[in-house]
1. On the given criteria, is A:Val74 in the same structural domain as A:Gly220 (by TED's automatic domain parsing) and within 30 Å of A:Leu48 (Cα to Cα)?
2. Among the listed residues B:Tyr243, B:Tyr315, identify the single one that is of a type in the set (Ser, Thr, Tyr) and at pLDDT 85 or above.
3. Counting just the residues of region B:70-95 that are within 16 Å of ligand 1 (Cβ to nearest atom) and closer than 17 Å to B:Leu161 by Cβ, which one comes out surrounded by the fewest Cβ atoms within 10 Å (Cβ to Cβ)?
4. Restricting to region A:161-179, and then to whatever is more than 10 Å from chain B (Cβ to nearest Cβ) and in contact with a Ser or Thr (Cβ under 8 Å, 6 or more places away or on another chain), can you tell me which residue is surrounded by the fewest Cβ atoms within 10 Å (Cβ to Cβ)?
5. Test of understanding: among B:Arg197, B:Arg145, which residue is under 28 Å from A:Arg189 (Cα atoms) and surrounded by fewer than 19 Cβ atoms within 10 Å (Cβ to Cβ)?
6. With the condition being within 9 Å of chain A (Cβ to nearest Cβ), I'd like the helices (runs of 4 or more DSSP H) fully within region B:88-151 carrying at least 2 qualifying residues.
7. Pull up region B:164-184, narrow it to residues that are of a type in the set (A, V, I, L, M, F, W, C) and surrounded by fewer than 24 Cβ atoms within 10 Å (Cβ to Cβ), then point me to the one that is nearest to the other protein chains (Cβ to nearest Cβ).
8. I need a count of the residues in region B:38-69 that are surrounded by 18 or more Cβ atoms within 10 Å (Cβ to Cβ) and away from ligand 1 (no atom under 16 Å from the Cβ).
Amino acid sequence: MVADTLTGTDGIAAAGVGGAGTARRGRTRFLLRHLGTPAAIAAVLGVLYLWVHGLRLDSIERRTLNYTYMHDRVIEHLKLTVVATVIVIVIAIPLGVIISRPRARWVSPVVLALSNLGQAIPSLGLLVLLTIKFGIGFKIAMFGLVVYAVLPVLRNTMVGIQQVDPTLVEAARGMGMTRMQVLFSVELRLAVPVILAGLRTALVLTVGVATLATFVNAGGLGDMIVNGIKLSRHPVLITGSVLTCCIAFLVDWLGNLAEDVLRPRGLS
Amino acid sequence: MFDNSDGGVGIELRELTKRYPGQSAPAVDAISLDVAAGELVVFVGPSGCGKTTTMKMINRLIEPTSGEVRIGGEDVLRMRPDDLRRHVGYVIQQIGLFPHLTIAQNIGVVPKLLGWSKTRITDRIDELLGLVGLDAAQFRSRYPRQLSGGQQQRVGVARALAADPPVMLMDEPFGATDPITREHLQNEFLRLQRELRKTIIFVTHDFEEAIRLGDRIVVLREGSHIAQYDRPARILGAPADDYVAGFIGTASTLKRLALITVEDVFPADGGPPPAAGLPEVDTAATLREALDAMVANGTEEVAAVSGDIRHRLTYHDVCQAIQTNGREVEPSGG
Ligand SMILES: Nc1ncnc2c1ncn2[C@@H]1O[C@H](COP(=O)(O)OP(=O)(O)O)[C@@H](O)[C@H]1O
Ligand SMILES: [Mg+2]
């Protein structure tokens with residue numbers, strides 16, 4: 001009934017918003033942006049395969065450069081990475097939420113300082129210390145990985161929630177949302193991009209650090225790399241390293257994909 | 001929650017006080033106020049005088065240190081804050097639309113909290129978008145960032161009206177828009193309010209806005225002390241003190257002319273009777289209309305008519321009324 005009062009100035013902003021054409025262009029850009037990495041990974045793996053295939057391998061090299069052995073190492077490596085990441089999510093996100101509460105604001109500088117410090121702790125040193133104290137095995141490797149990856153996720157969860165515009169929280173409270181409703185349907189939703197970025201960092205970090213699991217007898221692609229070095233078998237070393245890199249890129253790509261898909265629509 | 005079967009609910013503040021921790025003087029010092037059902041009351045006062053604090057104690061975003069708030073006779077401090085807020089509309093200057101929700105989802109927040117059915121919510125959203133002058137088909141699935149500031153603020157108003165609350169609290173809702181959009185929003189809002197007759201507390205530091213919108217105005221000074229609480233014309237016509245007069249001084253002369261009625265400035269004894277053949281204006285007319293009549297007829301006086309009684313109103317009377325009402329006093333000079 002007051003529709004006729006829509007002014008010219010308001011109409012301009014309305015005209016700038018695209019229709020179906022923009023959506024299609026957006027999808028094309030999305031595909032182009034996300035197809036590059038898997039294509040490159042496939043190409044690298046193809047070249048690696050052809051190169052190793054063309055080499056005359058001795059018996060030591062043949063013991064590692066075969067499908068079964070490599071398959072097992074890759075699975076071990078992925079398992080280390082995925083399990084560590086799941087544990088990190090379970091620990092770091094709730095903890096990040098807790099320390100983002102106004103009452104715990106004093107903790108945030110501590111977390112920021114720790115997470116900067118964390119990047120500087122040599123991972124090998126940490127693992128050696130853990131081994132001396134607790135022995136070897138999957139659990140020890142896992143512990144080291146989690147300690148390493150928990151900080152970026154913790155930090156980003158905290159920062160992600162703290163950067164939510166306080167007036168949005170006030171508006172939500174003013175409309176009668178409970179604290180929990182505000183947390184889940186406003187704060188966490190708006191923190192998703194930042195939390196995912198932290199998770200992506202943690203994942204890539206974990207893929208790299210998981211190569212050290214070999215030192216605590218927990219397998220993974222580190223086995224190949226260390227064997228290659230110890231026995232001076234370059235093809236083994238190179239294959240182990242390239243596979244690790246490919247996993248890291250793949251994981252980063254998945255993270256990027258998740259960021260694009262899970263980022264709430266409506267955020268610029 | 002509130003019984004508004006008789007068309008609206010009133011708001012009562014009794015000795016309402018807020019003392020922030022670590023501050024010697026209370027931000028709001030024992031304010032008592034009655035707001036009649038269906039009235040739009042504007043709180044006006046300089047920045048920091050306690051307007052926002054007073055308002056937020058009504059929906060308990062700020063807990064009072066002492067005192068009482070009643071809405072429709074019910075003690076607000078006994079209600080669950082979340083329930084209370086779902087039944088009190090709330091609009092803020094920063095608008096606070098959720099950027100990750102569509103316009104429809106934003107408007108549907110409170111109805112959803114109240115457990116309305118999907119179809120009821122959808123119907124309500126379309127109705128409200130129409131009410132605030134936005135085409136539902138065009139806007140409902142957009143995101144806030146795709147709207148201009150003025151459009152966003154309309155959605156903010158629609159969102160506050162969503163569950164049809166009898167009471168609305170509005171904190172400088174049009175403060176962040178440019179003057180043209182603001183005037184536009186004000187006019188639309190007035191039209192809306194004439195129809196809806198909500199009980200509204202509206203905060204602003206802009207005296208002109210207060211005059212334009214308010215059924216009544218509360219002029220506040222430091223500590224949320226009431227300097228004057230009255231109808232706009234009465235505040236313009238008879239400011240309680242220099243502090244209030246200082247505020248009036250900030251509104252332009254022509255605007256004031258359009259707000260003061262002939263009645264307001266007339267001496268109690270009615271003054272001398274007018275000569276015959278003068279143009280006539282009603283005593284309920286504004287001084288601007290009286291001036292218009294003089295200009296149109298090339299006279300310097302008119303006959304102010306109320307029933308059988310006729311008074312003489314001269315150009316000089318009008319000028320004097322404006323001058324005494326609008327003594328150019330600095331707001332701080334009170
Ligand atoms: N959360 C707070 N803590 C301490 N002091 C506050 C807080 N909020 C407001 N104040 C103080 O209370 C006074 C009134 O503030 P406010 O109600 O926001 O005024 P207004 O809305 O009229 O500008 C100001 O002096 C302000 O500094
Ligand atoms: Mg304020």
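1. yes
2. Answer to the selection: B:Tyr243.
3. Top of the filtered list is B:Ile92.
4. A:Gln162
5. B:Arg145
6. Answer list for region B:88-151: B:109-113, B:118-131, B:136-139.
7. B:Ile180
8. Qualifying residue count for the region: 3.
The values are calculated or read from the model by the stated rules, or taken from the named source; none is laboratory data. In this text, all values refer to a predicted model and were calculated from it rather than measured experimentally. Here Cβ is always computed from backbone atoms with ideal geometry, including for glycine, and neighbour counts include all displayed protein chains.
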